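Report on the structure given below.
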Amino acid sequence: MHLTKEEERIYEGEEGWTKKKAMEILVAIGDINNASELIPVESAHMSGVSYKTIGDAFEFINRLEGTVEVKSTLNPMGMDRELWKEMNISTEFANKQTDVFNAYKHLGIAPECTCIPYLLDGGAPKKGVHIAWAESSAVLFANSVIGARTNMEGAPSALAAALVGKTPFYGLHKSENRVPELKICMNCALADADYSALGFLIGDLVGDKIPIIELSSSTRPSIDELKHLSAAIGATGSIGMYHIRGITPEADVAQIESKLRPEERIEVDEGDLEVVYTEDCEPDVIAIGCPHCSSDEIMRIYELLKVESKGRRIRNGLDFFIFTARRIKNQPQMQHIIEKIENYGVKVICDTCFVVSPAFENYVCVMTNSGKMLRYVPLICGGAKAKLCRTDECVKAAF
Ligand code: F3S
């Protein structure tokens, strides 16, 4: 990979040990992927923030000096910074988690601790802008809905890109690698958790091929539904983008689409989706907010709670959690709504989520509207089953 004189200086350590290490990571990744050069990125988003997943590997971050070169944000960590005691997080875990958090903060990374940086004010990149994001749901959303350009970074490569302000030019940064190679034809209308179910199927179906998803003509997904579609595809698959005509702001793909061979078309119908909903267990917890809830989602849950509760609190023996970004919870217009939601016995948690916190490992059956949780809960949340349901069914089940 070609390096400019300035990049060579960094590589040789003339700007210090931290930048040298970051540049070594970028060069190694660039060489493996035949990148021609490094390109500037506008922002970086870091995964590997929860002490549950990173463990003591974070001590490496403590040794880093200086600050990041571009706007950088953090994914959820292992606990709510303010409510960790109520979450029964041990002091030992809380101390370690605080060390991880401070290590990233020390580098100038904004401690947003959310997987939806693109929904925060000033957090969405513009179309065509190069970024270096980890967190698969955010990567898929950024490439497919916003039209920004990022590879699926890991924790080390996103951090290296943040420290240098650059990333190797390969993969989804290049137009020729963003072209759809097969088509998913959706034969029924979709709403709500159907997008989680569809994403769950697509991730498994397409392998490493970027799909163009043809929705039925009456279907126009909301931002939140696209967020869930992106998260579920990222959970079951290995691709970093998809196309939906009229949504993905990319060059016109109609011509390419017309050339796809019949075997490059996959039909998905209602029956295929229903299979994703078939887990049959009795929920002892309801969890919504994977990816983190937007303010619109929280408002909708509040409206559903008002209807379904008939003045009652959620039933005994059941927990109900909503996960969101602290910046969303703290919006002045949300304060009153969140207070009312909590009056029903629902807990609104920030900075973390069901999957990356150790606080949620003692449940048997988790009811959720998230395809990403459907994949990860059975794998890393103490062996609980996960049951996918539509949001209104989740709220109804709470009473
Ligand atoms: Fe976000 Fe946690 Fe889900 S990081 S996408 S809420 S697993």
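The values are calculated or read from the model by the stated rules, or taken from the named source; none is laboratory data. Every value quoted in this text rests on a predicted model; they were computed, and no experiment measured them. Because the Cβ atoms are built from the backbone with ideal geometry, glycine has one as well, and the counts that use them run over all protein chains shown. For the accessible areas, the whole protein counts, side chains as well, though only heavy atoms, and no ligand, DNA or RNA atoms are used. Shrake-Rupley method; radii C 1.70, N 1.55, O 1.52, S 1.80 Å.
Things worth noting here:
- Any chance residue 161 is within 26 Å of residue 351 (Cα to Cα) and either away from the ligand (no atom under 16 Å from the Cβ) or of a type outside the set (Gly, Ala, Ser) (or both): yes
- Evaluated against (1) of a type outside the set (D, E, K, R); (2) over 30 Å from residue 127 (Cα atoms); (3) in contact with a helix residue (DSSP H, G or I) (Cβ under 8 Å, 6 or more places away or on another chain), residue 291 falls short on exactly one condition, (2).
- Boolean, residue 327 is among the basic types (Lys, Arg), open to solvent by 40 Å² or more (accessible area, probe 1.4 Å) and more than 16 Å from the ligand (Cβ to nearest atom): no
- Selected residue [in a helix (DSSP H, G or I), β-branched (Val, Ile, Thr) and open to solvent by less than 20 Å² (accessible area, probe 1.4 Å)] from 100, 49: 100
- Qualifying residue in segment 240-256 (condition: closer than 20 Å to residue 152 by Cβ and part of a helix (DSSP H, G or I)): no
- Scanning segment 119-153 for residues that are small (Gly, Ala, Ser), part of a helix (DSSP H, G or I) and open to solvent by 10 Å² or more (accessible area, probe 1.4 Å) yields a count of 1.
- Of all residues in segment 210-237 being of a type in the set (Val, Ile, Thr) and either assigned to a strand (DSSP E or B) or in the same structural domain as residue 140 (by TED's automatic domain parsing) (or both), the one that is surrounded by the fewest Cβ atoms within 10 Å (Cβ to Cβ): 212
- Within segment 5-36, the set of residues being among the acidic types (Asp, Glu) and either without any contact (Cβ under 8 Å) to a residue 40 or more places away in the chain or open to solvent by 40 Å² or more (accessible area, probe 1.4 Å) (or both) comprises 6, 8, 12, 14, 15, 24, 31.
- Residue in segment 314-324 that is under 30 Å from residue 204 (Cα atoms) and surrounded by fewer than 23 Cβ atoms within 10 Å (Cβ to Cβ) present: yes
- When 56, 80 are checked against the criterion of being farther than 16 Å from residue 162 by Cβ, open to solvent by less than 20 Å² (accessible area, probe 1.4 Å) and charged (D, E, K, R), a single residue qualifies: 80.
- Close pairs (7 angstrom Cβ cut-off, 6 or more residues apart or separate chains): on the phi > 0 side of the Ramachandran plot in segment 203-216, among the hydrophobic types (A, V, I, L, M, F, W, C) anywhere: none
- Output for segment 154-195, where each listed residue is crowded, with 24+ Cβ neighbours inside 10 Å, of a type outside the set (Asp, Glu) and assigned to a helix (DSSP H, G or I): 158, 159, 160, 161, 162, 163, 164, 195
- Within segment 196-209, considering residues that are more than 19 Å from the chain's Cα centre (by Cα) and among the aliphatic types (A, V, I, L, M), the one surrounded by the most Cβ atoms within 10 Å (Cβ to Cβ): 206
- The residues of segment 76-103 that are within 16 Å of the ligand (Cβ to nearest atom) and farther than 20 Å from residue 324 by Cβ amount to a single one, 100.
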